[in-house]
Amino acid sequence: MSAQQETLATAQLEHERLTSLISSMADAVIAVDEDLKVVLYNGAALNILDVNGSLRGKSLKSILHLFDQNTQAVNVTNLVKNVSIPTTSRDTLLHYDDGSVANMYVSIAPVRLGYGEAGESGYVILLRDITREKSLEEERDEFISVVSHELRTPIAIAEGNISNAEFMSQKGASLEQIVNALHVAHEQVLFLAGLINDLSTLSRAERGTLHIEAEAINVHELCKELVATYLPEAQKKDLKFHLDLDPHLEVLNSSKLYVREVLQNFITNAIKYTESGSVRLSARQSTNGVKFFITDTGIGISKPDKERVFDKFFRSEDFRTRATSGTGLGLYVTMKLARLLRATIDIESELNKGSVFTITIPSMGSSLETKSR
Ligand code: ADP
């Protein structure tokens, strides 16, 4: 083999190594020449750009449709040509022909393509779909903002009332006035305790580590207990609270803790979102389990909202919902627990008339470890 042939063979080998390295990359790699025409790309580039067939020779602007966060089209030619040192961005959107959008990590680096003096210059563009990462970041930000907002109000009210009680006791105010202020503070602390309870159940449910201890539940007793607990809350709003039990209910074998928690969530919502009329808790025997109905004569849920009430942080835009406090986590947690209990939930509701939440809970074998997802 002549020296020239040897150099050619080495160059060929290097080229193949480089090509297989680029092909094995999970990120999209697109190399373009000085005129921004594609000279090299990998399979991931075809996937991310969602194109079939060769990109070679195509102009970059014809295949890469980028937009900024304000959905303004980015001039790809200017963007690339203005790059003199490697540049990255995480705020770019890629629009597809079918109207869908993905968040992109984009890295652009000027390079010399080929070898030595004769090599042409160009750019290497790297793309990575970071839509999922972005949505997790957004979800985390939203979570922090909702929770801190929900914490701030009750803490401010409790703090104000406690300091008021202190002040009144020094000024010799009546015992009744002091007790009233302490009562309001106490209510807020109870709300905070409930919120923290929801958050800790949520975090255990999300990690999939909730454990089910099935036990024999006396449904009559449980329902009576729930009515006794929430009757004062209903009475404060002048609402009737009815209990309607199937006399032939059998024992339900399930997690008492979680069954109570889901029923509690439905009952507190029914009371919260009802301005006048009544709330009813009913239980009927179903094949291998118990069907619970929580019925209210409240504000009701619109059709589009019905699809979303189990979403994390969802709260209706209805002004009557906004006038109450809440995190939009209750039904999300309820759905997670219902899955653990292998229960099914159904909603029937009419705006301004009321809602019926139905949950059918099957009897299970004792002590089951279940993943919540
Ligand atoms: P929160 O009550 O903290 O807002 P939930 O997850 O318990 O959160 O409920 C989500 C949303 O579903 C509520 O904000 C409300 O808009 C709607 N909703 C739930 N239960 C009822 C009900 N019984 N009547 C009317 N709307 C309801």
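The values are calculated or read from the model by the stated rules, or taken from the named source; none is laboratory data. Fair warning: this is a prediction, and the values are worked out from it, not measured in the lab. Glycine also receives a Cβ, built like all others from the backbone with ideal geometry; neighbour counts cover every protein chain displayed.
Taking segment 200-228 as the region of interest, how many residues are closer than 20 Å to ARG339 by Cβ and part of a helix (DSSP H, G or I)? Can you show your working first?
Looking only at segment 200-228, we keep the residues that are closer than 20 Å to ARG339 by Cβ, and these are 200-215, 217.
If we keep only those that are part of a helix (DSSP H, G or I) too, we end up with 200-207.
Qualifying residue count, segment 200-228: 8.
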How many of the residues making up segment 229-245 are over 32 Å from the mean Cα position of the chain (by Cα) and in a helix (DSSP H, G or I)? 4
Can you name the condition, by its number, that SER363 falls short on among (1) farther than 25 Å from LYS237 by Cα; (2) within 13 Å of the ligand (Cβ to nearest atom); (3) not β-branched (Val, Ile, Thr)? (2)
Return the only residue of VAL76, VAL147, VAL111, VAL101 being outside the structural domain of LYS312 (by TED's automatic domain parsing) and closer than 20 Å to SER23 by Cα. VAL111
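Per-residue answers, yes or no, for (1) in the same structural domain as CYS223 (by TED's automatic domain parsing); (2) of a type in the set (A, V, I, L, M); (3) surrounded by 17 or more Cβ atoms within 10 Å (Cβ to Cβ):
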| position | (1), (2), (3) |
| --- | --- |
| ILE267 | yes, yes, yes |
| THR327 | yes, no, yes |
| ALA343 | yes, yes, yes |
| GLU348 | yes, no, no |
Matching residues in segment 314-352 (near the ligand (Cβ under 10 Å from one of its atoms) and among the charged types (D, E, K, R)) number 5
So if I check each of ARG128, ARG132, ARG152, which one is surrounded by 16 or more Cβ atoms within 10 Å (Cβ to Cβ) and charged (D, E, K, R)? ARG128
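Counting only residues that are in contact (Cβ under 8 Å) with a residue 60 or more places away in the chain and within 8 Å of the ligand (Cβ to nearest atom), which one in segment 271-295 is surrounded by the most Cβ atoms within 10 Å (Cβ to Cβ)?
Filtering segment 271-295 down to residues in contact (Cβ under 8 Å) with a residue 60 or more places away in the chain leaves 273-274, 277, 283, 286, 288-295.
Now narrow it down to the ones that are within 8 Å of the ligand (Cβ to nearest atom): 273-274, 294.
On the way: TYR273: 21, THR274: 21, ILE294: 23.
Step by step, filter segment 271-295, then rank; the result is ILE294.
For residues that are in a strand (DSSP E or B) and of a type in the set (D, E, K, R), scanning just segment 18-69, find the one that is nearest to GLY122 (Cα to Cα).
At the first step, the residues of segment 18-69 found to be in a strand (DSSP E or B) are 28-33, 37-41, 59, 66-67.
Then keep just the ones that are of a type in the set (D, E, K, R); that gives 33, 37.
On the way: ASP33: 4, LYS37: 9 Å.
Here the answer is ASP33.
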Of (1) under 25 Å from THR201 (Cα atoms); (2) under 24 Å from the mean Cα position of the chain (by Cα), ILE294 satisfies every one except (2)
One residue from ALA158, ALA173 being in the same structural domain as LEU199 (by TED's automatic domain parsing), under 30 Å from LEU202 (Cα atoms) and surrounded by 14 or more Cβ atoms within 10 Å (Cβ to Cβ): ALA158
Can you say whether ASP311 is at pLDDT below 95, more than 25 Å from LEU190 (Cα to Cα) and within 11 Å of the ligand (Cβ to nearest atom), as far as the supplied structure shows? no
Would it be correct to say that GLN264 is more than 9 Å from the ligand (Cβ to nearest atom), outside any strand (DSSP E or B) and without any contact (Cβ under 8 Å) to a residue 60 or more places away in the chain? yes
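If I filter segment 68-75 for residues that are without any contact (Cβ under 8 Å) to a residue 60 or more places away in the chain, surrounded by 15 or more Cβ atoms within 10 Å (Cβ to Cβ) and touching a helix residue (DSSP H, G or I) at 6+ places or on another chain (Cβ under 9 Å), do I get at least one hit? Reasoning before the result, please.
Step one: list which residues in segment 68-75 are without any contact (Cβ under 8 Å) to a residue 60 or more places away in the chain, which gives 68-75.
Those left that are additionally surrounded by 15 or more Cβ atoms within 10 Å (Cβ to Cβ): 74.
So of that shortlist, the ones also touching a helix residue (DSSP H, G or I) at 6+ places or on another chain (Cβ under 9 Å) come out as none.
Looking for residues that are without any contact (Cβ under 8 Å) to a residue 60 or more places away in the chain, surrounded by 15 or more Cβ atoms within 10 Å (Cβ to Cβ) and touching a helix residue (DSSP H, G or I) at 6+ places or on another chain (Cβ under 9 Å), one finds none in segment 68-75, hence no.
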Scope segment 353-373; condition more than 18 Å from GLU261 (Cα to Cα) and modelled with pLDDT of 95 or more; matching residues: LYS353, GLY354, SER355
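Quick check, is VAL147 touching a residue at least 12 places away in the same chain (Cβ under 8 Å), surrounded by fewer than 14 Cβ atoms within 10 Å (Cβ to Cβ) and in contact with a helix residue (DSSP H, G or I) (Cβ under 9 Å, 6 or more places away or on another chain)?
On the way: touching a residue at least 12 places away in the same chain (Cβ under 8 Å): yes; surrounded by fewer than 14 Cβ atoms within 10 Å (Cβ to Cβ): no; in contact with a helix residue (DSSP H, G or I) (Cβ under 9 Å, 6 or more places away or on another chain): yes.
For VAL147, the condition - touching a residue at least 12 places away in the same chain (Cβ under 8 Å), surrounded by fewer than 14 Cβ atoms within 10 Å (Cβ to Cβ) and in contact with a helix residue (DSSP H, G or I) (Cβ under 9 Å, 6 or more places away or on another chain) - is not met.
Does segment 108-118 contain any residue that is without any contact (Cβ under 8 Å) to a residue 12 or more places away in the chain, closer than 30 Å to THR7 by Cβ and surrounded by 12 or more Cβ atoms within 10 Å (Cβ to Cβ)?
Residues of segment 108-118 without any contact (Cβ under 8 Å) to a residue 12 or more places away in the chain: 112, 114, 116-118.
Next, from what is left, pick out any that are closer than 30 Å to THR7 by Cβ: 112, 114, 116-118.
If we keep only those that are surrounded by 12 or more Cβ atoms within 10 Å (Cβ to Cβ) as well, we get 112, 114.
Yes - at least one qualifying residue is present in segment 108-118.
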